[in-house]
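Report on one structure; see the data block that follows.
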Amino acid sequence: MQQDNIRKKVNILGDANVDMIINLSDKQNLGEPSLFSGGSSANVASGLSKLGVEVSFFGSLGKDMYGKYVVDEMKADGIDVSNLELLDNYSTAMVIGVVEENSERHLFLWPPKEGAHNQYTFGDKSKEDLLNCDWLHVSGISLRFSPVKETMLEAMRLCKENNKTVSFDLNLRSELWGLSESFKETVLEAVSLSTIVFGNLHEEFLLLFDENEDNLDKNISNKQMFICRNGDKGALGITKNDKVTSNAIPISPVDSVGAGDAFNSGFIYASCKEKDMKESLDTGNQVAAFKLLGSGARHLPTKELLQEFNENNLNA
């Protein structure tokens, strides 16, 4: 894929899988389940590459038909997959998503623990390649199981020590696995290694820090920002000394699977173009709105489609 005139390179480490979507929006006329590439980290990689950012992906998949499907789609999106491993003894994970009539979704993971995405470790080449970037993005979904947990934390430390921007999507999934004290400690360690922390305002930030919205800034270090997604209310950006809001774009959503990942892609894309926090929040909301109008987590815009989408909304 032809890259934009963005000079920053983004490395993404974490989960990749397939999504099986069962749409119940019209229960009188149910269609066949749909198969898409998915994974929180892989979705962000796809979103950024489609927008013209140079992206490399670090992770692991099973050496099976689903793993091949994901790799082929990544290559088609222009993502560098030279540090994506295919493993013989583990299966590519499948997330089964049930989309309700109001577009809300319920997610189920199979296999629940031993998926190939949890097995990623560094080799000498991949560790060296990791630092060949300006920005590292990771997801909390990789903090649940070893050895990928240790790999992710090591990657964050290395990039922080080498003055790279590190963004971390909380992705707690507490509705599936809870929020134990030991896991909370691991998440807070990842937060301490991050430049930018993404997450849902109510389901993640306020839960993790046991705070109300007005006091979240107490948990932010200097030169760090929390980017709080808030559904149809838009998003909130918080630094030690500032709070900025961005309204969501009013639409009739089709499918919410991957909307948070799409927002992250838009925010990182704008930030790589040296946009300020408000403009980056706005771009995040625009990319999320575009995604919500289509099925699957990979209904993501190119730079041209995003510009057309924004022009149409301005003229509506």
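The values are calculated or read from the model by the stated rules, or taken from the named source; none is laboratory data. This one's a predicted model, so the numbers in the text were calculated from it and none came from an experiment. Counting neighbours? That spans all protein chains shown, and the Cβs are built from the backbone with ideal geometry, glycine included.
Structure notes:
Each row is one residue, and each column tells you yes or no for (1) over 11 Å from the mean Cα position of the chain (by Cα); (2) touching a residue at least 12 places away in the same chain (Cβ under 8 Å).
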| position | (1), (2) |
| --- | --- |
| Gly237 | yes, yes |
| Asp242 | yes, yes |
| Val254 | yes, yes |
| Val257 | yes, yes |
| Asn264 | no, yes |
| Lys275 | yes, no |
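- Scope the stretch 67-118; condition part of a loop (DSSP other than H, G, I, E, B) and either touching a His at 6+ places or on another chain (Cβ under 7 Å) or modelled with pLDDT of 85 or more (or both); matching residues: Asp77, Gly78, Ile79, Asp88, Asn89, Tyr90, Thr92, Ala93, Pro111, Glu114
- Qualifying residue in the stretch 41-49 (condition: surrounded by fewer than 24 Cβ atoms within 10 Å (Cβ to Cβ) and either among the small types (Gly, Ala, Ser) or within 22 Å of Gly199 (Cα to Cα) (or both)): no
- Meets criteria (of a type in the set (Val, Ile, Thr) and farther than 23 Å from Leu179 by Cα) for Ile249: yes
- Of everything listed in (1) at pLDDT below 95; (2) over 26 Å from Leu143 (Cα atoms), the single unmet condition for Gly258 is (2).
- Tally, over the stretch 58-100, of residues that are of a type in the set (A, V, I, L, M), in contact with a Lys or Arg (Cβ under 9 Å, 6 or more places away or on another chain), within 17 Å of Ser41 (Cα to Cα) and crowded, with 18+ Cβ neighbours inside 10 Å: 2
- The stretch 162-243 holds strands (runs of 3 or more DSSP E) entirely within its bounds, and those carrying 2 or more residues that are at pLDDT 95 or above and among the polar types (S, T, N, Q) map to 165-169.
- Qualifying residue in the stretch 79-100 (condition: in contact with a strand residue (DSSP E or B) (Cβ under 9 Å, 6 or more places away or on another chain), touching a residue at least 60 places away in the same chain (Cβ under 8 Å) and over 20 Å from Val257 (Cα atoms)): yes
- Residue in the stretch 119-129 that is over 29 Å from Glu274 (Cβ atoms), touching a His at 6+ places or on another chain (Cβ under 8 Å), surrounded by 20 or more Cβ atoms within 10 Å (Cβ to Cβ) and touching a residue at least 12 places away in the same chain (Cβ under 8 Å) present: no
- Within the stretch 160-181, residues that are within 14 Å of Gly14 (Cβ to Cβ) reach partners that are of a type in the set (Ser, Thr, Tyr) and in a loop (DSSP other than H, G, I, E, B) with beta carbons closer than 8 Å, at six or more positions or on different chains, in the pairs Val166/Ser194; Val166/Thr195; Ser167/Ser194; Ser167/Thr195; Phe168/Ser194.
- Meets criteria (under 20 Å from Phe198 (Cβ atoms) and of a type in the set (Asp, Glu)) for Asp80: no
- Taken over the stretch 282-309, residues that are out of contact with any Phe, Trp or Tyr (no Cβ under 9 Å at 6 or more places or on another chain), in a helix (DSSP H, G or I) and either under 17 Å from Gly52 (Cα atoms) or among the small types (Gly, Ala, Ser) (or both) amount to 3.
- Members of the stretch 117-138 found to be under 17 Å from Ser40 (Cα atoms) and within 18 Å of the chain's Cα centre (by Cα), listed by number: His117, Asn118, Tyr120, Trp135, Leu136, His137, Val138
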